[in-house]
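Notes follow once the structure below has been shown.
The values are calculated or read from the model by the stated rules, or taken from the named source; none is laboratory data. Because the structure is a prediction, the values reported are computed rather than measured. Virtual Cβ from ideal backbone geometry, glycine too; neighbours counted across all protein chains shown. Quick note on the areas: whole protein, heavy atoms, side chains included, nothing else; ligands and nucleic acids left out. Shrake-Rupley method; radii C 1.70, N 1.55, O 1.52, S 1.80 Å.
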Amino acid sequence: MINFCGIQMKNPVVIASSPLTSKLKYLVAADQAGAAAVSTKLTFIRQPFYGKLRMHTSDRLGSLICYDRRLDLEEGVGLIREAKERTQLKIFANMTHDQADMEGWAVLAKALEEAGADAIEANLICPNIGLSTKSIGGQDSLSGNEQGGAVNGQNPERVREIVRLIKDTVKIPVVAKLTPNVTDISVIAAAAKAGGADGVCVAGGQSALPPVDIHADGKPCYRLMNGVSHGSLGGPACRFMSYSQVAQIRQKVGIPLIGGGGLETADQALGMMMWGADLVTVCTSVMWYGWEVVEKMVAGMETYLQEEHIDYAAIVGRSLPHLRSSSRLEALPGHPVIDPGRCIGCGRCSKPGHCDAIEMLGKTPVVAPEKCLGCGICEGVCPTGALTMQQV
Ligand SMILES: Cc1cc2nc3c(=O)[nH]c(=O)nc-3n(C[C@H](O)[C@H](O)[C@H](O)COP(=O)(O)O)c2cc1C
């Protein structure tokens, strides 16, 4: 069992707020797949416009979301009530208020707590309700006063104020889900802590634009959509950035932490915890590959703990002692070594433009160790794992 801000969780896996958490049948699927918790779909008192799910997906990079259908308060309340009756899940209620008044935050938090939520997750991340307008330097939104999500999350004073109000309203823990679209996320995390947040969540959401069709007047490559707004990035492209942000918050702010963004496997989730996350979130990988991602992730994490004879608490922050400033790093000597049994002679290791250390003799790569710069790109691009960088 994991104790996260007083919430007892059977494992650290949380399904992130998204279409995956917008309907009871998906919450039941999350429960059956072994997730310990869900963050329910973003709930407003009344959503500013009724978006339909529209996104661009590139399987190697990630998904970019312009639009999604959110929940009005009565839908959010109904979903949480049903989920508490029908599942064992812990429920984080993801909510935002898009108006300038503060009272709405309290109305939402109170109603979601009464519905049975185990925690409030203040959405200070969504770029689709205000940041998309701010990013084009204009005021062309339908409502004209979109203030929700990341616009709040970019302003430390506003973050502190919102969290403080919610904390004063409810008894359940309050988590602030932070936007990465800031200069220093630890400043925002510190503001949330100053407001009394029990925890913070970092999970992708970089403001992003899709590719364009260069043969069709630069039209953005969105399906079933006219126009495009700065959207929210999820999936593999987020992962390394999230590792960095999680580590920064853990070290500099020291607050219970949920980390996500691009997690697809147990190893990656364990890595997020080693960089400092107490819990991990999953979204895009389940949208791409289905609920078995969760089954495999939970099983893989538990197997690792059994094999290592440790518990989850023992791995949180384990990688942090390795962190130092770049001037204090020590570069070790070494070069690539090729396993001829696995090499298929494709020649990719010989291609890097800055490198003279590998040449192809026919189908055989030949390494000149003294010429190796040590970058390790050859290992990264080898399709069969035939090549490893080895220290000498
Ligand atoms: C279609 C879609 C809808 C999302 N809706 C929400 C939302 O309502 N509230 C929220 O906080 N995050 C939302 N997110 C962001 C995810 O919760 C998650 O933080 C992000 O996608 C990064 O994690 P991932 O790489 O595992 O997808 C959404 C993501 C996707 C793909």
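Of note:
- Positive-pole candidate from 383, 373, 350, dipole of the range 331-391, charges at beta carbon: 383
- Summing charges over all other residues whose Cβ lies under 12 Å from the Cβ of residue 186, with Lys and Arg as +1 and Asp and Glu as -1, gives +2.
- Ranked by the mean number of other Cβ atoms within 10 Å of their residues, highest first, the peptides 309-315, 108-114, 382-388 come out as 108-114, 382-388, 309-315.
- Toward the positive end of the charge dipole of the range 2-322, with +1 on the Cβ of Lys and Arg and -1 on the Cβ of Asp and Glu, the farthest Cα among 89, 222, 24 is that of 222.
- Restraint check, 134/252; 41/252; 41/219; 90/296; 23/110; 23/52, Cα-Cα greater than 26 Å: 134/252; 41/252; 41/219
- In straight-distance terms, cross-link reach from residue 351 covers every one of the lysines whose alpha-carbon lies under 16 Å from its own, apart from those fewer than eight places away in the same chain; here that gives 363, 371.
- Taking the range 2-322 and dividing mean pair separation by its residue count, relative contact order in percent (alpha carbons under 8 Å, at least six apart): 18
- Most to least accessible of 392, 13 (protein chains only, probe 1.4 Å): 392, 13
- Listed residue (251, 78, 207) projecting farthest to the positive dipole end of the chain, Cβ model: 207
- Label-point separation in nm, residue 337 to residue 244, each point 7 Å along Cα→Cβ: 3.2
- For the chain, adding -39500 (n - 2.57) for each run of n ≥ 4 DSSP H residues and dividing by the number of residues yields -9000 deg cm²/dmol at 222 nm.
- Accessible-area composition of the chain, carbon plus sulfur, in percent [1.4 Å probe]: 52
- Rolling a 1.4 Å probe over the heavy atoms of the protein chains gives the chain an accessible area of 46 Å² per residue.
- What the pair-distance distribution of the chain shows, using all Cα-Cα distances binned every 10 Å from zero, is 5, 21, 29, 23, 13, 7, 1, 0 percent.
- About its Cα centre, the chain has a charge dipole of approximately 260 debye under the convention of +1 per Lys or Arg Cβ and -1 per Asp or Glu Cβ, with nothing else charged.
- Gaussian network model of the chain, springs between alpha carbon atoms under 10 Å - residue of 16, 331, 176 with greatest fluctuation: 331
- Across the range 33-191, the relative contact order, built from alpha-carbon pairs under 8 Å that are at least six residues apart, equals 22 percent.
- Electrostatic tally near residue 390: other residues with Cβ closer than 12 Å to its Cβ, Lys and Arg +1, Asp and Glu -1, net -2.
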